[in-house]
Amino acid sequence: MANKACNEVVTVANMPMTVFDMISAMQNKYADRVAFRYVEGKDAVVEKTYAQYVQDIRKAIQQVRQEKGLDVILEAGAVIDGGTDVTSEVGAKLTK
């Protein structure tokens, strides 16, 4: 991606607060572009678009929320005190 295109997505004025916000911003502008590629098995290359990656994150968050019996999951920056950090559980779902 050209440097100019990157600067259009993430500028100081609209700097995302979290990684998820940044991925969501990329999804909005480049939903159909490949976010990353990985090898599955011996030679199968799998590609995920930004839209698919955001969908995977949301699905993992929903699964963890249901498994833990939580009503809502907030980003860490929205919680001043207390709460349960489920970041590692969500990350584990994404790596399966």
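The values are calculated or read from the model by the stated rules, or taken from the named source; none is laboratory data. Quantities reported herein were computed from a predicted structural model and do not represent experimental measurements. Heads up, the Cβs are rebuilt from the backbone with ideal geometry, glycines too, and the neighbour counts pull from every protein chain shown.
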Among residues of the stretch 65-91, those that are surrounded by 12 or more Cβ atoms within 10 Å (Cβ to Cβ), of a type in the set (A, V, I, L, M, F, W, C) and part of a helix (DSSP H, G or I), counted:
1
Residues of the stretch 32-64 being modelled with pLDDT under 85, assigned to a helix (DSSP H, G or I) and within 21 Å of THR87 (Cβ to Cβ), which ones?
TYR50, TYR53, VAL54
Residues of the stretch 38-96 classified as free of Cβ contacts under 8 Å to residues at least 12 places away in the same chain and among the β-branched types (Val, Ile, Thr), total
8
